[in-house]
Amino acid sequence: MTAMPFSQFYEDYAKTGFAQVKSKKVASLALHFLQSPVLDAGCYFGEKTKMLGKHFEKVDGCDISKTAVQKAKKKHKGLEFFVCDLEQPNLKFAKKYNSVFAAELIEHVFDTQAFLKNCFNALNKGGILFLTTPNVIQVLNRLRIVFGDTTPISGDKAHIRFFKPKTLKQELEKAGFTVIHLNGYNVRPFLKHLPMPLNWYEGIIAVAKK
């Protein structure tokens, strides 16, 4: 059987719909660190692009899926969207940005370093990469393993890579970034207000500077 091309997988996936992670903490920190112009990497249907556009003068969105970009253009007039494979080696951008916003994206790519280096190249000197990703060593995964479930790491078939805070920081530094902020967030209501160490949070927030 011939494997489905990566881009085609996301064309099909875009037609079924992605689960969108919503976190007030992520939104608040993004607005604190980002600077215009902003590139929303992996914009999907442009909902976060639209949110960012309310706060920053210039925001563009890009996605590997033509289907997603077409829908984003129809839904959000006045914003610019374009198709872009951020794993393509030495990707050239038509313009530079002061910030790249990459929410729940890095876990979807095979070549982590190619992706991060493209984000690096998309930025002006001193620019900011703001990214989030699920935390593989979060408290719920720890509990599941304790109780004998060894396959809970990702319920999303599109998740390819898995990170904990330390390994994510290492990948960012390897790509040339300086990590200036590392935090965590929870999406489940019963965890949102519980104090916990960084390694236990459901998701990781990383802010890195070029």
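The values are calculated or read from the model by the stated rules, or taken from the named source; none is laboratory data. This structure is a prediction, so every number in the text was calculated from the model and none was measured. All Cβ positions, glycine included, derive from the backbone under ideal geometry; neighbour counts span all protein chains shown.
Select from the stretch 65-83 the residues that are surrounded by 22 or more Cβ atoms within 10 Å (Cβ to Cβ) and either in contact with a Cys (Cβ under 8 Å, 6 or more places away or on another chain) or not hydroxyl-bearing (Ser, Thr, Tyr) (or both) and list them in ascending order.
Answer for the stretch 65-83, where residues must be surrounded by 22 or more Cβ atoms within 10 Å (Cβ to Cβ) and either in contact with a Cys (Cβ under 8 Å, 6 or more places away or on another chain) or not hydroxyl-bearing (Ser, Thr, Tyr) (or both): ALA68, VAL69, ALA72, PHE81.
Given the conditions (1) of a type outside the set (S, T, N, Q); (2) in contact with an Asp or Glu (Cβ under 9 Å, 6 or more places away or on another chain); (3) crowded, with 19+ Cβ neighbours inside 10 Å, report the number of the one that LEU105 does not fulfil.
The one condition LEU105 does not meet is (2).
Give the residues of the stretch 153-195 that are closer than 14 Å to VAL139 by Cβ and surrounded by 13 or more Cβ atoms within 10 Å (Cβ to Cβ), sorted by residue number.
Across the stretch 153-195, the qualifying residues are ILE153, LYS164, PRO165, GLY184, TYR185, ASN186, VAL187, LEU191, LYS192.
Of the residues that make up the stretch 33-45, is at least one touching a strand residue (DSSP E or B) at 6+ places or on another chain (Cβ under 8 Å) and without any contact (Cβ under 8 Å) to a residue 40 or more places away in the chain?
Yes, there is a match, as at least one residue in the stretch 33-45 is touching a strand residue (DSSP E or B) at 6+ places or on another chain (Cβ under 8 Å) and without any contact (Cβ under 8 Å) to a residue 40 or more places away in the chain.
Taking the stretch 20-34 as the search range and keeping residues that are assigned to a helix (DSSP H, G or I) and touching a Phe, Trp or Tyr at 6+ places or on another chain (Cβ under 6 Å), which one is surrounded by the most Cβ atoms within 10 Å (Cβ to Cβ)?
ALA30
Tell me, please, whether a residue that is in contact with a Lys or Arg (Cβ under 7 Å, 6 or more places away or on another chain), in a strand (DSSP E or B), surrounded by fewer than 18 Cβ atoms within 10 Å (Cβ to Cβ) and free of Cβ contacts under 8 Å to residues at least 24 places away in the same chain can be found in the stretch 110-126.
Taking every residue of the stretch 110-126 in turn, none turns out to be in contact with a Lys or Arg (Cβ under 7 Å, 6 or more places away or on another chain), in a strand (DSSP E or B), surrounded by fewer than 18 Cβ atoms within 10 Å (Cβ to Cβ) and free of Cβ contacts under 8 Å to residues at least 24 places away in the same chain.
If you go through the stretch 118-158, how many residues are under 20 Å from VAL26 (Cα atoms) and modelled with pLDDT of 80 or more?
The number of residues fulfilling the criteria is 13.
Scanning the stretch 35-64 for residues that are touching a Gly at 6+ places or on another chain (Cβ under 8 Å) and polar (S, T, N, Q), which turns out surrounded by the most Cβ atoms within 10 Å (Cβ to Cβ)?
THR49
With respect to VAL187, is the statement that it is at pLDDT below 90 and under 21 Å from HIS32 (Cα atoms) true?
Here the answer is yes, as VAL187 does meet what is asked.
Go through the stretch 55-64 and give me each residue that's touching a Cys at 6+ places or on another chain (Cβ under 9 Å) and assigned to a loop (DSSP other than H, G, I, E, B).
Scanning the stretch 55-64 gives a single hit, ILE64.
Please pick out the residue among LYS66, LYS73 that is of a type in the set (Lys, Arg) and modelled with pLDDT under 95.
After ruling out the rest, the residue left standing is LYS66.
Show the residue pairs meeting these rules: Cβ distance below 8 Å; 6+ apart or different chains; first residue within the stretch 194-208 and free of Cβ contacts under 8 Å to residues at least 12 places away in the same chain; second residue of a type in the set (S, T, N, Q) and in a loop (DSSP other than H, G, I, E, B).
Note: pairs meeting the criteria are LEU194/ASN186.
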